[in-house]
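Comments concern the structure below.
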Amino acid sequence: MEINSEPFQHGRDINVLIDRLLKTTRYKLHDISAISVNKGPGSYTALRIGMATAKGLCYGLDIPLIAPTAFEILLDYAISEWPEAAYYVPMIDARRMEVYTINPVATLYEAITPTALVLDELSFSTWKEEVLCFVGSGADKWKTLWPDQVPWIVDNTEIDAGMMSSISYEFFQKNNISDLFTTTPLYIKKPNITRSKKEYFN
């Protein structure tokens, strides 16, 4: 697995990392049966670049595109890691005290309603008696606000490619394939587009 933790360099590095991974594993592009990409929500630029790269490879290689949401990836992980929880709540950091999240669910296959939630002390107050597992990059932020002595679990894990392997394989086996031409990233909110400070021309 190749991971690039350098911010704002997705477009520059993604194809280099793919090439490096293929060389390390000694696979060729024609050995790939499908490509999975995190559909989001998350960083606008990262989602856009990741989706475009995955679609381009799928189109060129004539292979399926698999696109689980970040919520599904986190749920699959949390259910495996924390089986003692009754309900699971994925949380993705959206800056300040806001997170992208869903309604608490007990399984991976329940209907979910993605939302942008500004956290406060009363968030999830009706669930105080339940064993909830809050998982994802926004979970620690929520822990600073939640009430004392609740039977809740926090796992502040970040999504990586390794975490996607199980659910991606399951989607592939069940033929849960995304349409190559209509699938788009899940943004939830409109992107906050800023102008680059780099000067390319004098």
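Bear in mind that the values in this text are calculations on the coordinates, not laboratory data. On a predicted model such as this, the values are computed, not experimentally measured, just so you know. Here the Cβ is made from the backbone with ideal geometry for all residues, glycine too, and neighbour counts use every protein chain on show.
Overview of results
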quantity	calculated
Relative contact order of the chain, defined on C-alpha pairs under 8 angstrom at six or more residues apart (%)	22 percent
Potential extension, Asp148-Thr113 segment - 0.36 nm per residue separation minus Cα distance	9.9 nm
0 to 90° range, to nearest 10: angle between helix 10-25 axis and the chain longest Cα axis	80 degrees
Principal-axis tilt of helix 70-81 within the chain, Cα atoms, nearest 10 degrees	60 degrees
Mean Cβ neighbour count within 10 Å, used as a protection proxy, ranking 165-178, 113-126, 28-41 highest first	28-41, 165-178, 113-126
Relative contact order computed over region 70-155 (Cα-Cα under 8 Å; 6+ residues apart), in percent	31 percent
Whole-Å distance, taken between Cα centres, linking region 21-41 and region 125-143	33 Å
The chain: calculated mean residue ellipticity at 222 nm from DSSP helix runs of at least 4, using -39500 (n - 2.57)	-10000 deg cm²/dmol
For Ser36, residues with placed amide H under 5 Å, excluding near neighbours	Ile66
